[in-house]
Amino acid sequence: MEENFKSKIGFSLFIFIVLFLAIGGFFFTQYMINNKDPKKNNIDDVISYKIDEDKDYIYFINENTISDDGNLFYKDVVINIKGEEELTESLEIENKAYKDSVQYISKQSLINEGTIPYKYDDIYALINRIYEVYTFDRYVSLVIKDYNYFCYDLLTFSKTKSYVYDTSSGLRISEENLLKKYNTSLDKIKEEIKTTLEKSQTLDDEGREVINIYATLNNFNNYSLYINDVGKLCITYLVKSIEKDYNLSMEV
């Protein structure tokens, strides 16, 4: 009797262990399947704000070379973020206007071609648009710089603008929020610029200061703010000079 009792106890314990392992294994397997990719449990991580999933957030199309020698070309920028279609169209219209306004040396009257120092593919004058794209973490920045090209003087910086996006929300970051994010202000940045220009100030042959610091800062509206590839807030701005205006960029 005692041996039969022990046998029944042993068998029951064996069945219990088998059931425990079977049931536990089932739930463990389900847990691993459901949690293999933690992002699947967070809907915010799988939302995409791209218009075309196969393209970068900012890409370029319709490149058209005007001059190989002068490195002058046009291309359209596409902001591949939902809600920015109108901006993409607006930038395309601007770019087309630039392309349509190209002037050629051979079309100019009363001009002595022998005095022209830069005869790049017959280009007399145009507006050249340069793009820069920076990506850091969830941020992507588009910086646009426009230059006036002239066959007597090559490129002169004209103006700049920028667009900064948070790809996790698909939203463009305003200048106010960008400054707030980096705990700074435009006035603080202008003070840094003033210090930088004072350190780099030079005199011309007549003893005049080349950089017009007052003119640069007094009407400070030609600049662009953006986040660079290492996550720093940067600014590109117009420097007024008695010789030739130019642009500078700096981390702030």
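Bear in mind these aren't lab numbers, they're just calculated from the coordinates by the rules spelled out. Note that the structure is a prediction, hence the values are computed from the model and not measured. Glycine gets a Cβ as well: all are built from the backbone with ideal geometry, and neighbour counts include every protein chain shown.
Computed from phi, the 3J(HN,Hα) profile of the range 66-79 under the Karplus parametrisation 6.51, -1.76, 1.60 (θ = phi - 60°) reads 8, 8, 5, 5, x, 6, 10, 8, 10, 7, 8, 9, 10, 8 Hz, with x in place of Gly and Pro.
Using the Karplus relation 6.51 cos²θ - 1.76 cosθ + 1.60 with θ = phi - 60°, the per-residue 3J(HN,Hα) values for the range 83-94 come to x, 9, 4, 5, 5, 4, 5, 4, 5, 5, 5, 4 Hz, with x marking Gly and Pro.
Taking Cα centre as origin and charging only the Cβ of basic (Lys, Arg, +1) and acidic (Asp, Glu, -1) residues, the dipole magnitude of the range 174-252 rounds to 320 debye.
Rounded, prolate or oblate, given the Cα gyration tensor of the range 131-199, with a/c below 1.5 counting as rounded? Intermediate results must be reported in sequence, preceding the final value.
Values: a/c = 2.99, a/b = 1.32, b/c = 2.26.
The shape class here is oblate.
At 10 °C and a viscosity of 1.306 mPa s, what translational diffusion coefficient does Stokes-Einstein give for the range 48-172, taking Rh as the Kirkwood radius over Cα pairs? Give it in µm²/s as a whole number. Mind dumping the intermediate values first?
Numbers: Rh = 16.1 Å.
Here the translational diffusion coefficient equals 98 µm²/s.
Of the peptides 102-109, 177-184, 69-76, the ranking by mean beta-carbon count within 10 Å, highest at the top, reads 69-76, 177-184, 102-109.
In order along the range 47-60, phi translates into HN-Hα couplings of 6, 10, 9, 6, 7, 10, 5, 8, 10, 5, 5, 9, 9, 10 Hz, rounded to whole numbers, per the Karplus curve 6.51 cos²θ - 1.76 cosθ + 1.60 with θ = phi - 60° and x for Gly and Pro. When restricted to Cα atoms, the range 174-252 yields an Rg and a Dmax of 13.7, 45 Å, respectively.
Within the set of other residues whose C-beta is less than 12 Å from the C-beta of Cys234, count the net charge using Lys and Arg as +1 and Asp and Glu as -1.
Values: positive: Lys232; negative: Glu132, Glu192, Asp229, Glu251.
The answer is -3.
For the range 43-182, the Cβ-based charge dipole about the Cα centre amounts to some 440 debye (Lys, Arg positive; Asp, Glu negative; other atoms uncharged).
Pairs with C-alpha atoms separated by more than 20 Å, drawn from the list Lys75/Lys107; Lys75/Lys119; Lys181/Lys232, are Lys75/Lys107; Lys75/Lys119.
Spacing of the modelled spin labels on Thr184 and Glu85, each 7 Å from Cα toward Cβ, amounts to 3.7 nm.
A straight chain from Asp100 to Val252 at 0.36 nm per residue would run longer than the Cα-Cα distance by 51.0 nm.
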